[in-house]
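Heads up, the thing below is written out as structure tokens.
The values are calculated or read from the model by the stated rules, or taken from the named source; none is laboratory data. Treat the numbers as computed from the prediction; the structure is a model and nothing was measured. All Cβ positions, glycine included, derive from the backbone under ideal geometry; neighbour counts span all protein chains shown. Heavy atoms of the whole protein, side chains included, go into the accessibility calculation; ligands, DNA and RNA do not. Shrake-Rupley method; radii C 1.70, N 1.55, O 1.52, S 1.80 Å.
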Amino acid sequence: AYLIGLSRKLQNPLSGIVISQAGAGKSGLTELVELLTPGEDVVLFSRLSSQALYYMPKDYLKRKLLILEERVGAEAAEYSIRVLQSRQFLSQAVVVKDPNTGQMSTRRFEVEGPIAYLETTTSHRINHENATRCFELTLDESEMQTQRIHQRQRQSRTLEGLMLDFNTDKIQKKHHNAQRLLEQVKIVIPFVDLLSFPSRWLRTRRDHERFLCLIEAVTFLHQKQRVQKTLASGLVYIEATLEDYQLAFELAQGVLAATFHELSRGARELLDVAVELQESCKEPGLYSFTRREIRQSLDWPDRRVQDAVQELVDMEYLGVLAGSQGKAFRYRILETPEHGSGLLRNLTTPAQLAQLLQTSASFAA
């Protein structure tokens with residue numbers, strides 16, 4: 001999320017959708033990114049009307065981080081946001097009336113990008129048009145994470161917690177000043193020809209570009225630790241390193257696995273638990289379950305279980321074994337999910353890249 005915010009300074013900024021249940025901390029995450037970004041580079045909205053972006057000052061959004069607090073507040077503006085993400089500018093022609101002459105004429109409104117973009121939502125079913133433009137960032141909703149949050153909340157009431165809060169402004173200013181020091185510079189990925197990327201799905205035409213932009217964002221953040229190189233033409237650039245790739249790979253691995261899977265995270269988690277329960281029973285071939293049984297195993301609210309089960313039935317991972325109005329429905333597993341390692345088998349790992357670089361260097365020598 002931090003790199004998405006920072007990418008506003010790049011030619012092809014990144015976008016992200018933060019997904020979690022209500023109360024899990026998605027707003028807290030985007031608020032933290034907002035606080036660590038210089039105020040002049042952040043635009044925050046709770047709601048956007050369908051035409052709101054078109055009538056903004058021409059440079060108002062250029063190289064800014066645009067944050068939408070809730071997806072439901074931006075549904076009317078979805079189209080204009082997608083165009084701004086892809087084309088990096090908005091253009092609209094409208095008919096206006098001259099107040100002096102009363103004559104009608106056409107006036108053109110333009111808004112320039114590019115923008116980095118963050119939004120939050122509680123829905124695990126993301127519009128495909130939006131998903132292909134954004135990294136889907138899911139929060140840790142485990143009990144262990146909840147315990148860590150409780151511990152931090154208690155700590156904030158101690159003297160140590162007061163000291164941490166006292167230093168908050170200093171931390172924010174440090175990030176603001178560090179980001180202001182970052183200069184516009186071209187980035188070269190010298191090992192890009194050695195990389196492979198999943199190509200099974202049509203959407204990877206966009207995902208591949210976003211992954212390369214993520215590598216650039218990591219390099220851009222570390223530009224003061226990279227040697228600037230200058231061509232005879234005067235072009236100044238820095239090069240991505242293996243360490244940059246490793247960080248981008250680690251950050252993107254889980255996100256890409258979730259992105260490529262046809263099931264939402266909630267549906268995958270429910271199916272994983274159902275598979276574990278099936279494998280632990282005496283007669284796996286006869287195993288079936290009700291929503292109540294799986295809800296007790298997951299400790300989820302009923303609405304979330306219903307949504308995940310319905311998605312799995314629609315996608316034919318689960319079959320309805322029995323049930324009718326007034327009687328509990330029983331479900332059986334039709335197909336087990338494909339896990340991330342399989343989905344990302346064509347993505348070059350840092351270890352593979354290191355080996356390829358070593359082989360290339362030996363060959364050149």
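Points worth noting:
- Residue within the range 125-136 that is touching a strand residue (DSSP E or B) at 6+ places or on another chain (Cβ under 6 Å), assigned to a strand (DSSP E or B) and farther than 21 Å from residue 31 by Cβ present: no
- Considering only residues in the range 26-55 that are touching a strand residue (DSSP E or B) at 6+ places or on another chain (Cβ under 8 Å) and charged (D, E, K, R), the one that is modelled with the lowest pLDDT turns out to be 26.
- Reported count of residues in the range 138-169, each being surrounded by 11 or more Cβ atoms within 10 Å (Cβ to Cβ) and either acidic (Asp, Glu) or at pLDDT 95 or above (or both), is 2.
- Within the range 170-287, helices (runs of 4 or more DSSP H) holding 1 or more residues that are of a type outside the set (Val, Ile, Thr), modelled with pLDDT of 95 or more and surrounded by 14 or more Cβ atoms within 10 Å (Cβ to Cβ): 204-221, 242-260
- Elements of type helices (runs of 4 or more DSSP H) contained in the range 1-119, each with 2 or more residues being open to solvent by less than 40 Å² (accessible area, probe 1.4 Å) and free of Cβ contacts under 8 Å to residues at least 60 places away in the same chain: 78-87
Conditions (1) closer than 30 Å to residue 300 by Cβ; (2) under 23 Å from the mean Cα position of the chain (by Cα); (3) of a type outside the set (D, E, K, R), marked per residue:
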| site | (1), (2), (3) |
| --- | --- |
| 141 | yes, yes, no |
| 151 | yes, no, yes |
| 164 | no, no, yes |
| 177 | no, no, yes |
| 192 | no, yes, yes |
| 200 | no, yes, no |
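- Filter pass, residue 341 being at pLDDT below 90 and more than 17 Å from residue 269 (Cβ to Cβ): no
- Check on residue 73, at positive phi and among the small types (Gly, Ala, Ser): no
- Taken over the range 159-200, the criterion of being over 30 Å from residue 229 (Cβ atoms) and polar (S, T, N, Q) is satisfied by 167, 168, 172, 199.
- Any hit, the range 290-300, residues being open to solvent by 40 Å² or more (accessible area, probe 1.4 Å), of a type in the set (Val, Ile, Thr) and farther than 24 Å from residue 136 by Cβ: no
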